[in-house]
Amino acid sequence: MAPPITAEQLFSIDDEIHRVELIEGRLRIMEPGGRPHSISTVAVAVALAPWIKERKLGHCLGGEPGFITGRNPDTVRAPDFAFIAAGRLPDPAPDGYPELVPDFLVEIVGKTDPAERVHRKARWWLDRGVGEAWVVDPAQRTATVHRPGVVPRELAAEDTIEASGPLAGLSCRVEELFA
């Protein structure tokens with residue numbers, strides 16, 4: 001068996017390998033998400049980022065930004081969309097992956113990522129300190145809100161979804177997240 005890969009080695013891997021995460025030193029290759037996943041990724045950014053930017057609350061990251069969530073062996077996970085509150089990222093931000101977890105994130109169910117796996121990943125993030133995770137399912141036209149210590153709440157397309165914590169006051173119709 002090959003020795004575990006570090007976060008720094010993952011960051012320097014040739015760009016021909018796409019969509020990977022590092023789980024306890026082992027690469028997990030993820031297939032491209034497909035059209036509905038891509039549409040939702042953009043829709044989430046369009047629905048959330050302007051509100052966050054206008055209030056200067058912090059940083060929005062998309063395109064599956066990596067975060068180091070463990071060392072020896074290293075783990076680097078990548079949500080579809082992440083928010084980091086102002087002042088939590090070092091200035092200047094280092095190359096590579098920040099060694100922190102986002103304050104808020106969104107994961108999107110796609111053709112190659114079954115819903116249960118995506119919900120499991122959202123719970124995994126909560127266990128590492130993320131304050132809130134939304135799981136958007138374009139095929140089912142739902143969004144589920146995951147918060148620590150609270151039963152997840154599934155919302156339909158016509159419902160309004162509201163953030164808590166540092167993003168309290170942010171809300172939109174669920175359908176905006178996959179339209």
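The values are calculated or read from the model by the stated rules, or taken from the named source; none is laboratory data. Worth saying up front: this structure is predicted, and the values here are computed from it rather than measured. Don't worry about glycine lacking a Cβ; one is built from the backbone with ideal geometry, like all the others, and counts go over all protein chains shown. These area figures cover heavy atoms from the full protein model, side chains too; ligands, DNA and RNA do not enter into them. Shrake-Rupley method; radii C 1.70, N 1.55, O 1.52, S 1.80 Å.
When segment 154-176 is examined, which residues are found to be open to solvent by less than 80 Å² (accessible area, probe 1.4 Å) and charged (D, E, K, R)?
Once the filter is applied, which keeps residues that are open to solvent by less than 80 Å² (accessible area, probe 1.4 Å) and charged (D, E, K, R), segment 154-176 yields Asp159, Glu175.
Does Leu105 satisfy the condition of being outside any loop (DSSP other than H, G, I, E, B), free of Cβ contacts under 8 Å to residues at least 60 places away in the same chain, within 25 Å of Ile29 (Cβ to Cβ) and not small (Gly, Ala, Ser)?
For Leu105, the condition - outside any loop (DSSP other than H, G, I, E, B), free of Cβ contacts under 8 Å to residues at least 60 places away in the same chain, within 25 Å of Ile29 (Cβ to Cβ) and not small (Gly, Ala, Ser) - is met.
From the list Ala49, Ala45, Ala93, pick out the single residue that is at pLDDT below 95 and not aromatic (Phe, Trp, Tyr).
Sole residue among the options that is at pLDDT below 95 and not aromatic (Phe, Trp, Tyr): Ala93.
Can you say whether Gly129 is of a type in the set (Gly, Ala, Ser), farther than 20 Å from Glu162 by Cα and surrounded by fewer than 13 Cβ atoms within 10 Å (Cβ to Cβ), as far as the supplied structure shows?
In short, no.
Would you pick out the residues in segment 1-56 that are more than 29 Å from Thr142 (Cα to Cα) and β-branched (Val, Ile, Thr)?
Ile5, Thr6, Ile13, Ile17, listed by residue number.
Out of segment 84-123, which residues are of a type outside the set (Asp, Glu) and more than 15 Å from the chain's Cα centre (by Cα)?
Across segment 84-123, the qualifying residues are Ala86, Gly87, Arg88, Leu89, Pro90, Pro92, Ala93, Pro94, Gly96, Lys111, Thr112, Pro114.
Among the candidates Val106, Val151, Val118, Val136, single out the residue that is more than 16 Å from Leu48 (Cβ to Cβ), surrounded by 15 or more Cβ atoms within 10 Å (Cβ to Cβ) and not polar (S, T, N, Q).
Sole residue among the options that is more than 16 Å from Leu48 (Cβ to Cβ), surrounded by 15 or more Cβ atoms within 10 Å (Cβ to Cβ) and not polar (S, T, N, Q): Val118.
Would you check if Asp103 is among the acidic types (Asp, Glu) and either touching a strand residue (DSSP E or B) at 6+ places or on another chain (Cβ under 8 Å) or at pLDDT 95 or above (or both)?
yes
Please determine, by comparing only the residues of segment 132-157 that are under 25 Å from Pro114 (Cβ atoms) and either aromatic (Phe, Trp, Tyr) or part of a loop (DSSP other than H, G, I, E, B) (or both), which one is nearest to the chain's Cα centre (by Cα).
Trp134
For the structure I just gave you, tell me whether Pro166 is farther than 19 Å from Val46 by Cα and either in a helix (DSSP H, G or I) or not polar (S, T, N, Q) (or both).
No: the conditions fail for Pro166.
Examine segment 162-174 for a residue that is within 14 Å of the chain's Cα centre (by Cα) and not charged (D, E, K, R), and state whether such a residue exists.
No; the residues of segment 162-174 include none that is within 14 Å of the chain's Cα centre (by Cα) and not charged (D, E, K, R).
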